[in-house]
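Notes for the one structure printed next.
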Amino acid sequence: MSLCKGYTQGGSNADVVLADAFVKGLKGGIDWDLGYEAVVKDAEVEPYDWCCEGRGGLDSWKSLGYIPVQDFDYKGFGTMTRSLSRTLEYSYNDFVISQIGDALGGREDDVEKYTTRSENWKNLFKEDQVSLFNNGTDTGYKGFFQPRYLNGTYMFQDVLKCSNIDSNPSSVCSLQNTGSETFESSIWEYSL
């Protein structure tokens with residue numbers, strides 16, 4: 001894998017690996033200023049083909065604070081699904097950028113911007129969203145993420161879709177154009 005690109009989970013998760021190495025104090029021969037430039041580029045510059053590097057939908061991310069279902073992205077291309085997964089991953093990616101920037105010092109504006117954007121996960125949290133078992137029985141839990149459209153309205157995705165108790169044989173949970181708004185996992189799991 002180190003010598004070939006593969007599809008990205010959804011965010012620019014190399015940022016998380018760099019941040020992990022940084023907070024663990026790895027220093028030997030690592031140019032952390034250059035590493036910081038790389039994570040900021042992931043957050044700010046959308047590559048044409050964001051299936052394998054960087055992030056797609058950055059205009060929506062920056063203006064709406066989430067990646068919408070069926071996002072209109074004229075700058076690049078990638079699978080237009082996983083809007084919920086991507087929003088949560090971008091939030092975490094921005095959080096780790098803020099942590100590196102804060103520790104390097106002299107980047108107060110960046111730290112404020114990425115800390116603020118790291119809270120975008122809240123834009124998909126729906127306090128009154130319930131969880132129902134396949135037979136329609138309420139699980140007794142409330143408050144889950146839900147995908148949103150470009151106009152701000154919520155789309156419904158069963159919070160147990162793509163979970164280990166999803167009995168729907170037509171559930172598509174992987175990287176396909178007909179996939180769900182979560183990637184290889186349920187909203188329940190993403191909520192944790």
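The values are calculated or read from the model by the stated rules, or taken from the named source; none is laboratory data. The structure presented is a predicted model; accordingly, all values stated were derived computationally and were not measured. Note: ideal-geometry Cβ built from the backbone for every residue, glycine included; neighbour counts use all protein chains shown.
Worth pointing out:
- Selection count where residues are modelled with pLDDT of 90 or more and either basic (Lys, Arg) or surrounded by 13 or more Cβ atoms within 10 Å (Cβ to Cβ) (or both), scope the range 18-37: 8
- Counted residues, the range 16-50 - those being farther than 12 Å from Tyr90 by Cβ, assigned to a loop (DSSP other than H, G, I, E, B) and within 19 Å of the chain's Cα centre (by Cα): 3
- The range 63-99, residues that are of a type in the set (Gly, Ala, Ser), in contact with a Phe, Trp or Tyr (Cβ under 9 Å, 6 or more places away or on another chain) and without any contact (Cβ under 8 Å) to a residue 24 or more places away in the chain: Ser98
- With respect to the conditions (1) in a loop (DSSP other than H, G, I, E, B); (2) touching a helix residue (DSSP H, G or I) at 6+ places or on another chain (Cβ under 6 Å), Thr115 falls short on a single one, namely (1).
- Filtering the range 51-73 to residues that are in a helix (DSSP H, G or I) and either at pLDDT 95 or above or not charged (D, E, K, R) (or both) leaves Leu58, Ser60, Trp61, Lys62, Ser63, Leu64.
- Residues satisfying the stated conditions in the range 51-62, i.e. farther than 11 Å from Asn120 by Cβ and either free of Cβ contacts under 8 Å to residues at least 40 places away in the same chain or under 13 Å from the mean Cα position of the chain (by Cα) (or both): Gly54, Arg55, Gly56, Gly57, Leu58, Asp59
- Residue check, Gly143 in contact with a Gly (Cβ under 9 Å, 6 or more places away or on another chain) and either under 26 Å from Ala19 (Cβ atoms) or surrounded by fewer than 17 Cβ atoms within 10 Å (Cβ to Cβ) (or both): no
- Tally, over the range 133-150, of residues that are part of a loop (DSSP other than H, G, I, E, B) and at pLDDT below 95: 6
- Considering the conditions (1) hydrophobic (A, V, I, L, M, F, W, C); (2) over 17 Å from Tyr66 (Cβ atoms); (3) in a loop (DSSP other than H, G, I, E, B), Phe156 is excluded by exactly one of them, (2).
- Those residues of the range 117-160 which are basic (Lys, Arg) and either in contact with a Ser or Thr (Cβ under 8 Å, 6 or more places away or on another chain) or in contact (Cβ under 8 Å) with a residue 60 or more places away in the chain (or both), in sequence order: Arg117, Lys142, Arg148
- The one condition from (1) closer than 19 Å to Ser12 by Cα; (2) not in a loop (DSSP other than H, G, I, E, B) that Thr81 does not meet is (2).
- For the range 117-132, taking the residues that are surrounded by 15 or more Cβ atoms within 10 Å (Cβ to Cβ) and either β-branched (Val, Ile, Thr) or over 12 Å from the mean Cα position of the chain (by Cα) (or both), the one that is modelled with the lowest pLDDT is identified as Ser131.
- In the range 100-115, the residues that are in contact (Cβ under 8 Å) with a residue 24 or more places away in the chain and surrounded by fewer than 18 Cβ atoms within 10 Å (Cβ to Cβ): Ala103, Leu104
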